[in-house]
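Right, one structure below, let's go through it.
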Amino acid sequence: MEDFELPQKNRFLQCLKTGLGLFPDIGASYFLSRTPGYFGEYVGLTGVQLDGTEMLVCGLATHFVPSMRLGLLEEALTGVDSSDHFTVCAIIDQFSQQMPLKESSAYSRLDIIDRCFSKTTVEEILSALEQEAVHNAAEWILAAVQSIKKASPTSLKISLRSIREGRMQTLGQCLIREYRMCCHVLRKDVSKDFFEGCRALLVDRDKNPKWEPSSLDVIDDKMVDLFFSKVDEDGWEDLKIPERNVSATTHLSKL
C-alpha cells in the first residue's frame, strides 16, 4: 500500500458494492477495518460517499492538497532526487491544508455509529439503526437504513464478515480472501446477486434488483462460509501474492 493518499475536494470515496450484489474488495476489508471504531462497517454496508475531509479524519487519506496547488506539488516532488519517506512527506506538508468537517457528516456522530454497527449481525445493526431513527431522524441515519434495506442481503452478510475478519489479518491475507470471495461470485455457485445487480443498475437500469435470497433471515452461516472457502477446481487457482522488498526503515501508515 502506498505511503501517501491525497483526496481532492470534488472527488469522493464510495463503496457501492452491497447495492450491486458484491462486497467491498481490492483490499477494502483491510483499510475499512482500520478506521476508528466501527466506521468501516458503516461505510462498507451502506455504500455512503465520503468526501476528502472525511477520508482524512478517518485515516483513509494522509494529506489534503487543494487541486489548485497540485501542479506546484508535482513540480516540487519532481525537483527532489529522493524517495525518502520523510523527505516526501515534508514536501507534501508544505502544500496540504486542514479542512473543516461538515456538521452533517456522520463521522461527527461516531458514538451512534459505534453503538449500531458494533452489533454482531446485519439484522441487529439494522434494528439498532431503526431504533435510533425513532428518536433521531438525522438524514444520515435514515439514509443508512434505506441503503441497507435496498442492498443484497447476501452481500451485506459476507461484507460484514469480511470487514470483521480483516481486522485480524494482513493486507495480503485480506486480498487472498477477497479473491476467493470474488471467485465464488463469478462462479455463481452460491448466489447470482452480482449479475442481477449489474442487470438492474447498469444494463436495464430499472433500479429494481430481485435479490435471491431476498431477506437476511434465510441466509445462514453455512451459506456465508462458502464464499470464504478456497475454490478447489481446475482452472481456479488461488491468488499468489509476490514477495516484495521491504525497506529496513518501518513507516507507520495511517492505515
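Please treat every number below as a calculation from the coordinates, not as lab data. Just so we're clear, the structure is a prediction, and the values are computed from it rather than from any experiment. As a convention, Cβ positions derive from the backbone with ideal geometry for all residues, glycine included, and neighbour counts pool all protein chains shown.
For Leu202 and Ala143, what is the calculated FRET efficiency with R₀ set at 25 Å and r taken between the beta-carbons, to the nearest 0.05? Don't skip to the answer; put the middle values down first.
Values: r = 22 Å, r/R0 = 0.87.
The formula returns an efficiency of 0.70 here.
Please label the shape of the range 80-229 as rounded, prolate or oblate, based on the square roots a ≥ b ≥ c of the eigenvalues of the alpha-carbon gyration tensor (a/c under 1.5 means rounded; beyond that, a/b larger than b/c means prolate, else oblate).
The shape class here is oblate.
If the cut-off is a Cα-Cα distance under 29 Å, which lysines reach Lys240, setting aside same-chain residues fewer than 8 apart in sequence?
Partners within reach: Lys17, Lys157, Lys188, Lys192, Lys222, Lys230, Lys254.
Beta carbons within 10 angstrom, averaged per residue: use that to sort the peptides 171-178, 211-218, highest first.
Output ranking for 171-178, 211-218: 171-178, 211-218.
Taking the Cβ of each residue in Met55, Met168 as the centre, tally the other Cβ atoms inside 10 Å and list the residues starting with the fewest.
Fewest to most other Cβ atoms nearby, the residues stand as Met168, Met55.
I need His85, His135, His63 ordered by Cβ neighbour count within 10 Å, fewest first.
Numbers: His85 15, His135 7, His63 18.
Taking fewest neighbouring Cβ atoms as first place, the list is His135, His85, His63.
Separation between the Leu70 and Met168 pseudo-spin-labels, each 7 Å from Cα along Cα→Cβ, expressed in nm?
4.1
Just need the relative contact order of the chain here, percent rounded to a whole number, with Cα pairs under 8 Å and 6+ apart.
Relative contact order of the chain: 26 percent.
Mind ranking 150-156, 109-115 by how tightly packed they are, going by the mean number of other C-beta atoms within 10 angstrom, highest first?
Packing proxy ranking, top to bottom: 150-156, 109-115.
Which value, in debye to the nearest 20, gives the size of the charge dipole of the range 11-154 about its Cα centre, when Lys and Arg are +1 and Asp and Glu are -1 at the Cβ?
Dipole size: approximately 360 debye.
Magnitude of the Cβ-charge dipole of the range 153-240, K/R +1 and D/E -1, about the Cα centre, nearest 20 debye?
Around 340 debye, computed over the range 153-240.
When a/c is below 1.5 the answer is rounded, else prolate if a/b is larger than b/c, else oblate, so apply that to the chain with a ≥ b ≥ c taken from the square roots of the Cα gyration tensor eigenvalues.
In terms of gyration-tensor shape, oblate.
Of Gly172, Phe228, Leu20, whose Cα points farthest to the positive end of the dipole of the chain (charges on the beta-carbon: +1 Lys, Arg; -1 Asp, Glu; origin at the Cα centre)?
Among Gly172, Phe228, Leu20, the one farthest towards the positive end of the dipole of the chain is Leu20.
Between Glu123 and Asp234, what length in nm is gained on full extension when 0.36 nm per residue of separation is reduced by their alpha carbon distance?
Here the segment from Glu123 to Asp234 would lengthen by 36.3 nm.
If each of Asp225 and Cys89 carries a label point 7 Å out from its Cα toward its Cβ, how far apart are those two points in nm?
If labels sit at Asp225 and Cys89, their model points lie 4.4 nm apart.
Would you kindly derive the ³J(HN,Hα) couplings of the range 74-91 from the backbone phi angles with the Karplus curve 6.51 cos²θ - 1.76 cosθ + 1.60 (θ = phi - 60°), listing them in order in whole Hz, with x for Gly and Pro?
4, 4, 5, 6, 6, x, 10, 8, 7, 10, 4, 4, 6, 5, 5, 4, 4, 5
Where Rh is the Kirkwood radius over the Cα pairs of the range 22-165, the temperature 25 °C and the viscosity 0.890 mPa s, what D in µm²/s does Stokes-Einstein return?
145
Taking a ≥ b ≥ c as the square roots of the Cα gyration tensor eigenvalues, with a/c under 1.5 meaning rounded and otherwise prolate when a/b beats b/c, else oblate, which class fits the range 168-236?
In terms of gyration-tensor shape, prolate.
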